[in-house]
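The values are calculated or read from the model by the stated rules, or taken from the named source; none is laboratory data. Not measured: the values here are computed from a predicted model. Reconstructed Cβ throughout: ideal geometry from the backbone, glycine too, with neighbour counts over all protein chains shown. Protein only, heavy atoms only, side chains kept; ligands, DNA and RNA dropped before computing areas. Shrake-Rupley method; radii C 1.70, N 1.55, O 1.52, S 1.80 Å.
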Amino acid sequence: MYVCLCFPTTERQIRQAVLNGARRLRDIRPVATQCGKCGRCAHALLKQASKALLPAPFNPPCEHD
Ligand code: FES
């Protein structure tokens, strides 16, 4: 599915960009830089893909004083 029509970009391409290190809209430019209508969707997809594709950060269960 196309997310951005002004700069034809698919959901799959954005997921691949996340695997390659994209975390913010500016990392997938020029998406959302013309009419801006895809900005919210592209941002939501970036967040969703980041959570789904990347391992959770390591959070130790206890703290040491
Ligand atoms: Fe993405 Fe217009 S649809 S900038």
Just one of R12, R23 is modelled with pLDDT of 95 or more, surrounded by fewer than 16 Cβ atoms within 10 Å (Cβ to Cβ) and not β-branched (V, I, T); which is it?
-> R12
Taking interchain pairs and intrachain pairs at least six residues apart, which have beta carbon atoms under 6 angstrom, with the first residue in segment 4-33 and farther than 11 Å from L53 by Cβ and within 13 Å of the ligand (Cβ to nearest atom) and the second open to solvent by 50 Å² or more (accessible area, probe 1.4 Å) and among the hydroxyl-bearing types (S, T, Y)?
-> T10/Y2
Taking A22, is it of a type in the set (A, V, I, L, M) and assigned to a helix (DSSP H, G or I)?
-> no
